[in-house]
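Structure, as C-alpha cells:
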Amino acid sequence: MDKKDFEPFIQALQSNVWFHRQQAIQAIERLGGDIAVWILLDVLKDENENVRAQAINALVKLKSRECIYPIIKCLDDPSPKVREEACFALGILNATEAIPNLIRALEDKVPRVSYASTRALHKIGGSKIIKPMSKVLFETTDTVKIRIVEALGVIEPENEEEKKLLMTTLYKSLESPNKLLVIWSAFSLVKQGADEQIHIIIQEVDNPDKMIRFNAVTALGKLKDKRSLDALRRALDRELDIRVEELLMKVIRDIEKR
C-alpha cells in the first residue's frame, strides 16, 4: 500500500465537517498498514471528540502496538467520551504497560470512564492490580465497586501477601448494604476458593427485589455449582418475573448437564 492511496482521505481529514473526517478515518482503517497507523495517530489531536474517539477505535482494529502509548495519553483527554474509548482500547490491546494509568482512571469523576477502566483492568488481569484496586474499592461508585470485585475474583495472586489482601478486601465488601455488591463479592470469594460463601448468593434468589434475584441467579449460573440446584428449582416454582424465570430455567439446565 502506497502513501498516494491515502491522499484522498488525508485531504478529507482537513474537512471542516467532523462527520466527513470520521468517514475518512473509516476509509484509512480499511486500507490498513503502517501508513494508516501513523496517519491515525496524528488524528488523535483533532479538535472534535467524536473524531478522536473514532481514531482510537480504528487504531485498535489495526492492532498496532505502536499506538499504545499515544492511547494512554488519551486517558487525560478533556472529553469523557475519548477517555472511555481509550480505556476500552487498552483492555482490548492487553496493554499491561497501561495498568498504572488505568488504575488512576478508576478515580475518574465520570462514572462511565471509571467503569471502562475496571473492564480494561479485568481484561488485562495480573496480580499487580490487586493492591490499587483494593485501595480504590471503597471510594468509588457502586457500579465500579461491583466491577472491581468481579475482577478480583479472576486474579491469581503471586504470593501469600497478595492473597491475604485480596481475600480481606472481598470479605470486607460482604459487609456492604448493597446486595449486588455482596452477591458479586461472594461470587469472587468462591472463585478464589472460599466455597462456603456460595450460601450468601443462594439465599438471595429469594430476595423480593427482582434485580437482586436476577444477579444472584446469574452468579450461580457462572459458578455452575450443584449445591445451588435445590434452591434454584424452588425459586423457579414461585418466580413471577418472566426475565428471571427464563434465566432460572437456563441456569438449571446448564448445571444439570455438568
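The values are calculated or read from the model by the stated rules, or taken from the named source; none is laboratory data. None of the values given here were measured: they were computed from a predicted structure. Cβ placement follows ideal geometry from the backbone for every residue including glycine, while neighbour counts extend to all protein chains displayed.
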- How many residues are among the polar types (S, T, N, Q), modelled with pLDDT of 90 or more and not in a helix (DSSP H, G or I) when one looks only at the stretch 141-175? 1
- Message: Consider the stretch 210-247. How many of its residues are of a type outside the set (Gly, Ala, Ser) and within 25 Å of the chain's Cα centre (by Cα)?
- Response: 16
- Query: Within the group SER185, SER117, which residue is in contact with a Cys (Cβ under 9 Å, 6 or more places away or on another chain) and in a helix (DSSP H, G or I)?
  - Reply: SER117
- Tally time: how many residues in the stretch 1-53 are closer than 25 Å to PRO78 by Cα and either in a loop (DSSP other than H, G, I, E, B) or touching a residue at least 60 places away in the same chain (Cβ under 8 Å) (or both)? 10
- Breaking point among (1) touching an Asp or Glu at 6+ places or on another chain (Cβ under 9 Å); (2) in a helix (DSSP H, G or I); (3) surrounded by fewer than 21 Cβ atoms within 10 Å (Cβ to Cβ), for PRO100: (1)
- Note on the structure: Flagged pairs (Cβ under 8 angstrom, 6 or more apart or on separate chains; first in the stretch 88-110, in contact (Cβ under 8 Å) with a residue 24 or more places away in the chain and among the polar types (S, T, N, Q); second surrounded by fewer than 20 Cβ atoms within 10 Å (Cβ to Cβ) and not in a helix (DSSP H, G or I)) are THR96/GLY126
- Query: Just for the stretch 103-114: of the residues that are assigned to a helix (DSSP H, G or I) and in contact with a Pro (Cβ under 6 Å, 6 or more places away or on another chain), which one is modelled with the lowest pLDDT?
  - Reply: ILE103
- Item | Boolean, VAL244 is without any contact (Cβ under 8 Å) to a residue 60 or more places away in the chain, part of a helix (DSSP H, G or I), among the hydrophobic types (A, V, I, L, M, F, W, C) and touching a Phe, Trp or Tyr at 6+ places or on another chain (Cβ under 6 Å) | yes
- Any hit, the stretch 126-140, residues being surrounded by 14 or more Cβ atoms within 10 Å (Cβ to Cβ), hydroxyl-bearing (Ser, Thr, Tyr) and under 30 Å from ASP42 (Cα atoms): no
- Can you name the condition, by its number, that ASP42 falls short on among (1) more than 22 Å from VAL110 (Cβ to Cβ); (2) in contact with a helix residue (DSSP H, G or I) (Cβ under 6 Å, 6 or more places away or on another chain); (3) not basic (Lys, Arg)? (2)
- How many residues of the stretch 62-110 are in contact with a Cys (Cβ under 9 Å, 6 or more places away or on another chain) and charged (D, E, K, R)? The answer is 3
